[in-house]
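Right, one structure below, let's go through it.
The values are calculated or read from the model by the stated rules, or taken from the named source; none is laboratory data. Nothing here was measured: the structure is a model prediction, and the numbers come from that model. For neighbour counting, all protein chains shown are included, and Cβ atoms are generated from backbone atoms with ideal geometry for every residue, glycine included. When the accessible area is computed, the model is the full protein with side chains, heavy atoms only, and any ligands, DNA or RNA have been set aside. Shrake-Rupley method; radii C 1.70, N 1.55, O 1.52, S 1.80 Å.
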Amino acid sequence: LPTDYRLVGLPGGGTALVGNLVNGTNASDWQAYWDNGAESNYFVPYDGGQTFTFSTGRAFWLVRKGDWNINTSVPSATLDSAGNALVPLHTGWNIITNPFAQAVPWTAVQSVNGQATREPIHGFSGSQGFQTSGTLEPYRGYYFYNVDGIATLKVPYAATSGVLKQPDTLAAGSW
């Protein structure tokens, strides 16, 4: 059912393929999609390629039979000299995730990116559909409309109120 899909992502700067973190067989036990931002044919089904890597800020649509539990180590997202993780974007709709294991207010992201992030982010909660969100939560994916075509989205680590440890690892949550 469409309500069984979730937008998912992993904090950090990992390089794990979706297929290596989901048990079972693709297309029968689970299916993942990436949104390429095009006006048509935008859903790209999982093909085992590098597009389906949980990297800094990258999220996917995922549907699977049963719960999805992850317990893995992921390196921290790399920060620029101003303390921001840089999330690669394409023009149009992007599925993004929080690159940190702590929540980040969207207003903090807007503050460091300026006018380019005037658009809100939209989460998907299954039966309740899409909803505007004021916070980037870890492990969840969000739609962001890149109206200005910026190449990267800055996500400030300082907005998490955390203390960065290098290298950092996390034990990912479950869905």
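What is the residue count in the stretch 80-105 for residues that are crowded, with 21+ Cβ neighbours inside 10 Å and either in contact (Cβ under 8 Å) with a residue 60 or more places away in the chain or farther than 16 Å from residue 55 by Cα (or both)?
Narrowing the stretch 80-105 to residues crowded, with 21+ Cβ neighbours inside 10 Å: 84-85, 87, 94-101, 104.
Those still in the list that are either in contact (Cβ under 8 Å) with a residue 60 or more places away in the chain or farther than 16 Å from residue 55 by Cα (or both) too: 84-85, 87, 95-101, 104.
Within the stretch 80-105, residues that are crowded, with 21+ Cβ neighbours inside 10 Å and either in contact (Cβ under 8 Å) with a residue 60 or more places away in the chain or farther than 16 Å from residue 55 by Cα (or both) number 11.
Can you find even one residue in the stretch 46-58 that is of a type outside the set (D, E, K, R), open to solvent by 70 Å² or more (accessible area, probe 1.4 Å) and out of contact with any Asp or Glu (no Cβ under 9 Å at 6 or more places or on another chain)?
Keep residues of the stretch 46-58 that are of a type outside the set (D, E, K, R), which gives 46, 48-57.
Now drop any that are not open to solvent by 70 Å² or more (accessible area, probe 1.4 Å), which leaves 50.
So of that shortlist, the ones also out of contact with any Asp or Glu (no Cβ under 9 Å at 6 or more places or on another chain) come out as 50.
For the stretch 46-58, residues of a type outside the set (D, E, K, R), open to solvent by 70 Å² or more (accessible area, probe 1.4 Å) and out of contact with any Asp or Glu (no Cβ under 9 Å at 6 or more places or on another chain): present.
Sort out which residues of the stretch 119-131 are open to solvent by 40 Å² or more (accessible area, probe 1.4 Å) and either part of a helix (DSSP H, G or I) or of a type outside the set (A, V, I, L, M, F, W, C) (or both), and write them in order of number.
Correct list: 119, 120, 122, 125, 127, 128, 131.
Going through the stretch 134-159 one residue at a time, which ones are surrounded by fewer than 21 Cβ atoms within 10 Å (Cβ to Cβ), of a type in the set (Val, Ile, Thr) and touching a residue at least 60 places away in the same chain (Cβ under 8 Å)?
150, 152
Conditions tested, residue by residue: (1) out of contact with any strand residue (DSSP E or B) (no Cβ under 8 Å at 6 or more places or on another chain); (2) assigned to a strand (DSSP E or B).
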residue: 11; (1), (2): no, no
residue: 14; (1), (2): no, no
residue: 24; (1), (2): no, no
residue: 31; (1), (2): no, yes
residue: 34; (1), (2): no, yes
residue: 71; (1), (2): yes, no
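Identify, please: which residue in the stretch 106-118 is open to solvent by 20 Å² or more (accessible area, probe 1.4 Å) and part of a helix (DSSP H, G or I) and is, among those, nearest to residue 133 (Cα to Cα)? Break it down into steps so the answer makes sense when it comes.
Kept after step one, since they are open to solvent by 20 Å² or more (accessible area, probe 1.4 Å), are these residues of the stretch 106-118: 107-108, 110-115, 118.
Subset that is part of a helix (DSSP H, G or I): 107-108, 110-115.
On the way: 107: 11, 108: 13, 110: 13, 111: 16, 112: 18, 113: 17, 114: 18, 115: 18 Å.
Here the residue is 107.
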